[in-house]
Every structure is written in C-alpha cells, then in structure tokens.
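The values are calculated or read from the model by the stated rules, or taken from the named source; none is laboratory data. This is a predicted model, so every value here is computed, not measured. When we count neighbours, we look across all protein chains shown, and the Cβ atoms used for this are built from the backbone with ideal geometry, even at glycine.
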Amino acid sequence: MKIAIFVSGRGSNLEAILKARKQGLLTSDFIVISNNPKAKALHIAQTYNVEHYAFEPKPKKIFEEKVLLLLKEKHIDYIVLAGFMAILSKEFVKEYEKRIINIHPSLLPSFPGIDVHKRAIERGVKFSGCTVHFVNEHVDEGCIIAQAITSISYDDDEESLAKKILNLEHKLLPQVISWLEQDRIYIKDGKAHIKDEKNGSTFNPDIEVFNE
C-alpha cells in the first residue's frame, strides 16, 4: 500500500508512524507532503529516509492541484492527515473519497474544530481522548473509525491534557493504519467497522481502543 502523510508542524504523529514502520508493525510505502516548507516534520521524514515534499499553501487551488498531480504520479492509495492544519476543499476530498483519514484530539462528535483541550476543561468533562475518522466535506464529521480515551484529572490544564492525548494519538493512528493495510476497515449503514475485531485487534496493548 502507498500512503501519503500530510503534515504542517512538528510531526510527532508522523514520527510515531515511521517508528512503527521501522519496527515492522506497518508495511506501507510512505511519502510526506507539507503545506509548510519550514515544518519540523520534513526533517523527521528526512531522518527516516522518506520522500518528502513541501508546497506553498496559497493560493489553495494551486496547492491542491500540485498535490493531486503528485498523488496520482505516486499511485497513492490513502491519505493520512497527521497534524495537517488546513481544510481540504470538497473537490479534493471527492478525488479520494473514503480514502482520507484524520486524527482529532477529542472524542468526536464532542469538541470538533480548534481549542479542544481548553473547551473540554472549561466544560468540566471527565474523559477526553482522540478520534481517527474518515474525512468528508464537513470538518471533523466523517465516519468515526476508532477512539482512545483518557481521564481528565481535577488538576489537569490544557498543557497536561494535550500531553496525555498526544500520547494516545501516537498509538492509535499507527493502529488504524495497520487496519487499512489489512483491509479490515469497512463502512456499513454510515458507520465504520473493523473486521475480526476480536482477533488481535490492536498491537498497542497498553491502550484501550474503542472501534465498535
């Protein structure tokens, strides 16, 4: 399988994916695409000897045209948004319908968008986590594939909660990619499901993954 990982910033989720690949937990060929030529993630890709490309983000139409040409040239099967800080156009999403996944740092459908940790703490919720979902034309509204959960302590602040959830992201996202590689994810009645979820459903035994 050939997968393009879209990044914009520090690349911690990218590094988690590439570490899993190095450990033999993933088998895909990856390329990295950024809308930020200065993104630290590009240096991570270079460290792992992964092809990486950066395009200026504006104008958006030109950015997406260049990226689509590259994706077709490289015969990309799936796109993984791993800290990609831009909203893809409806036209772009349609080109890769049900083949784009994103990781979001909350338990969707709660707290879509930005400032999620601040909003969670302000609302006094007792649990948060991260969600991997398919991308559709609406922000953070595509089919939920899997979630991982952490408790929120009374003394948690935005920074400590973000750290907890980022740790979960680094485990959940490679897990979902492995399910894609195994062709175990399917959509039925508007919901995403995992085939044979009781048989070795996770290679990260230290987190509890919810996918059904």
From the option list Ile144, Ile103, single residue qualifying as of a type in the set (Val, Ile, Thr) and crowded, with 20+ Cβ neighbours inside 10 Å is Ile103
Condition first: closer than 15 Å to Ser106 by Cα, touching a Ser or Thr at 6+ places or on another chain (Cβ under 8 Å), surrounded by 13 or more Cβ atoms within 10 Å (Cβ to Cβ) and at pLDDT 90 or above. Can you find one or more residues in the range 170-182 that meet it? yes
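Consider Thr150 carefully, then state whether it is more than 17 Å from the chain's Cα centre (by Cα), closer than 23 Å to Pro174 by Cα and crowded, with 16+ Cβ neighbours inside 10 Å.
Details: more than 17 Å from the chain's Cα centre (by Cα): yes; closer than 23 Å to Pro174 by Cα: yes; crowded, with 16+ Cβ neighbours inside 10 Å: yes.
Considered against the rule, which asks whether it is more than 17 Å from the chain's Cα centre (by Cα), closer than 23 Å to Pro174 by Cα and crowded, with 16+ Cβ neighbours inside 10 Å, Thr150 comes out as yes.
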Scope the range 127-143; condition modelled with pLDDT of 95 or more, over 14 Å from the mean Cα position of the chain (by Cα) and part of a loop (DSSP other than H, G, I, E, B); matching residues: none
Residues that are over 23 Å from Glu141 (Cβ atoms) and either out of contact with any Ser or Thr (no Cβ under 7 Å at 6 or more places or on another chain) or not acidic (Asp, Glu) (or both): list the strands (runs of 3 or more DSSP E) wholly contained in the range 1-92 that include at least 3 such residues. 29-34, 51-54
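Scanning for something within 29 Å of His52 (Cβ to Cβ), out of contact with any Pro (no Cβ under 8 Å at 6 or more places or on another chain) and acidic (Asp, Glu), does the range 95-107 turn up at least one residue? Show your work before the answer.
Initially, the range 95-107 is screened for residues within 29 Å of His52 (Cβ to Cβ), giving 95-106.
Add one more test, that the residue is out of contact with any Pro (no Cβ under 8 Å at 6 or more places or on another chain), and what stays is 95-103, 105.
Keeping just the survivors that are acidic (Asp, Glu) gives 95, 97.
Looking through the range 95-107, at least one residue is within 29 Å of His52 (Cβ to Cβ), out of contact with any Pro (no Cβ under 8 Å at 6 or more places or on another chain) and acidic (Asp, Glu).
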